[in-house]
Amino acid sequence: MTQDQPLMDRDPAPGRPGSNLAELTVTELSRALKRTVEDQFGYVRVRGEVSQPKRHGSGHVYLRLKDETAVIESVCWRGSVSRLSVQPEEGMEVICTGKLTTYPGRSQYQLVIETMELAGEGALLKLLEERKRRLAAEGLFEASRKRPLPFLPEVIGVITSPTGAVIRDILHRLADRFPRHVLLWPVAVQGETAAAQVAAAIKGFNGIAPGGRVPRPDLIIVARGGGSLEDLMAFNEEIVVRAAAASEIPLISAVGHETDTTLIDFASDRRAPTPTAAAEMAVPVRAELIALVMDCQRRQHAATGRMILERRNWVDGFARGLGDPQALLEDSVRRLDDRVERMGIAVAGVLERRRTRVAEQGAKLRHPREVMTLADGRLRSEARALGAALRQVVAAEQGRLGRLTPRLTLLPIRIKVGDGERRLGELGERMDAGFSRLLGERETRLKSGAALLESFSYRGILERGFALVTDDAERRITSAADAKPGLPVTLEFQDGKVDAVVGGGGLVRKAETAPRQPKKADATAKQDPAKQGLLF
């Protein structure tokens with residue numbers, strides 16, 4: 001009997017049942033059980049709740065799958081852990097696919113997990129809610145962490161798939177609103193490696209040094225098109241949320257459609273319902289900015305004009321309050337002349353008094369020359385003092401008049417007269433233009449009235465082949481009852497009038513006031529001229 005022979009083929013020895021069974025070692029029995037389990041359950045799909053997940057230092061993950069009544073040990077080797085779409089967490093309901101085997105060292109069977117997925121959307125939502133609550137407790141979603149977006153970024157970094165329609169929509173919208181320099185970081189937006197690539201892209205944009213060969217973005221847009229909850233799971237991963245919260249560059253999340261919400265939306269600085277809306281948030285409309293600048297410029301010009309007009313009115317008011325500069329100068333000059341004249345008279349009087357006093361004292365002295373010399377010196381000294389005082393007075397008056405002269409200028413009056421002449425010229429031109437426009441309007445109205453009057457004239461009816469019948473009193477005859485036999489009437493045609501008499505069988509022609517132009521084809525020429533047909 002060989003070792004590989006099945007146990008069921010080993011017949012017991014005859015005799016008492018089981019008394020002569022073949023002896024097996026523990027290893028043989030364990031190997032037989034292992035082969036039986038692996039052959040019978042080579043590839044299975046098991047649904048259960050994750051319990052006690054543990055990650056070993058070697059990279060393997062050990063856990064338990066349980067339901068209401070049973071528990072099965074499970075293991076996920078290191079090579080399979082990196083390929084799992086979801087990472088096992090306590091209490092998560094999952095569906096695992098793998099093979100069943102035994103572990104002889106502990107006499108237990110276990111499930112070797114190759115793939116793992118959530119058991120349903122409800123479980124996935126529960127997982128996301130638990131993750132959201134845990135990250136919010138760390139403060140990653142606080143409003144105080146969010147930064148304002150730049151008004152007009154020079155460089156915009158976009159993290160999305162390079163082959164999808166999202167990048168084309170963003171570029172097209174940016175070109176329509178305000179063209180900017182765009183840096184694309186290509187990543188996978190779904191799958192097992194998508195979360196790691198998106199987180200690495202966010203960190204990569206933040207790691208670009210300012211002023212380098214590659215410009216550092218002023219704004220980051222993380223974008224993806226719509227999809228199911230499972231398709232958007234990469235943007236719900238904790239590594240992506242933490243990278244978005246730690247980004248130093250303002251970040252806009254534009255994942256899915258308007259109704260889709262992922263955890264990166266709570267960690268980003270601004271959430272956009274669609275990738276196109278993210279482009280609209282990133283830059284303003286260039287045409288609107290130009291219109292705003294032009295409006296501000298127009299308002300600035302208007303405000304400057306109003307300010308200049310107000311200052312001009314103030315200057316005009318001040319000029320009116322100053323009075324006539326010439327009259328003010330004349331009064332000052334008159335006062336100066338009067339003071340100079342009075343000063344001369346006073347000096348002459350003083351000199352005369354001094355001279356008289358000296359003469360009186362000289363008569364009493366024995367040496368007249370000495371007295372005259374002394375008097376002459378005193379007079380000269382006093383004259384020099386009076387002259388110096390007079391020069392000081394004149395200089396003071398000249399200085400005061402010099403300070404008044406720049407203020408008493410005719411420039412405001414000349415400016416006002418120039419403005420009046422310019423306005424008068426403008427009013428004359430406007431009056432001529434208005435008069436010409438009024439004449440044109442009146443002429444147009446007159447022509448319209450003449451045309452309307454001509455359209456109501458009966459002569460237009462005569463041109464279409466009709467005739468106007470009047471009696472000898474020039475009263476119109478409009479009915480056959482008024483046309484009595486023998487009544488003289490006048491027939492007015494387009495080219496003249498004809499007198500006729502109403503007869504029993506029609507009209508009898510009397511005379512023709514204006515010759516009628518013959519026609520080339522006259523149907524009445526073939527009729528008998530002696531017979532008069534009916535006119536109407």
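The numbers here are math on the coordinates, done by the rules we state, and not lab data. Computed from a predicted structure; not experimentally measured. Glycine also receives a Cβ, built like all others from the backbone with ideal geometry; neighbour counts cover every protein chain displayed.
Annotations
- Net charge of Cβ neighbours under 14 Å - reference VAL393; Lys, Arg +1; Asp, Glu -1: +1
- In this label model, VAL347 and GLU421 are separated by 4.7 nm, measuring between points 7 Å along each Cα→Cβ vector.
- The chymotrypsin sites (Phe, Trp or Tyr not before Pro) of the range 47-109 meeting both criteria, a DSSP state outside H, G, I, E and B (loop) and at most 16 other C-beta atoms within 10 angstrom of the site's C-beta, are TRP77.
- Peptide ranges 247-256, 130-139, 158-167 listed from the most packed, as the mean C-beta count within 10 angstrom indicates: 247-256, 158-167, 130-139
- Maximal additional length on extending the SER30-PHE318 stretch stands at 91.8 nm, based on 0.36 nm per residue less the C-alpha distance.
- Each residue, ARG335 and GLU117, gets one label point 7 Å from its Cα in the Cβ direction; the gap between the two is 11.0 nm.
- A Förster distance of 60 Å, applied to the separation of the beta-carbon atoms of ALA136 and ASP482, puts the FRET efficiency at 0.05.
- Among the listed pairs LYS54/LYS126; LYS99/LYS126; LYS132/LYS203; LYS54/LYS146; LYS54/LYS99, those beyond 24 Å (Cα-Cα): LYS99/LYS126; LYS54/LYS146
- Computed magnitude of the charge dipole of the range 116-264 (debye, nearest 20; Cβ of K, R +1, Cβ of D, E -1): 600 debye
- For the range 31-128, with +1 on Lys and Arg beta carbons and -1 on Asp and Glu, the positive-most of VAL61, LEU33, SER80 along the dipole: LEU33
- Applying the Karplus relation 6.51 cos²θ - 1.76 cosθ + 1.60 with θ = phi - 60° to the range 383-389 yields 3J(HN,Hα) values of 5, 4, 5, 5, x, 5, 5 Hz, where x marks Gly and Pro.
- Our coupling estimate for the range 457-464, obtained by passing each phi through the Karplus curve with A = 6.51, B = -1.76, C = 1.60 and θ = phi - 60°, is 6, 6, 5, x, 6, 5, 5, 8 Hz, Gly and Pro reported as x.
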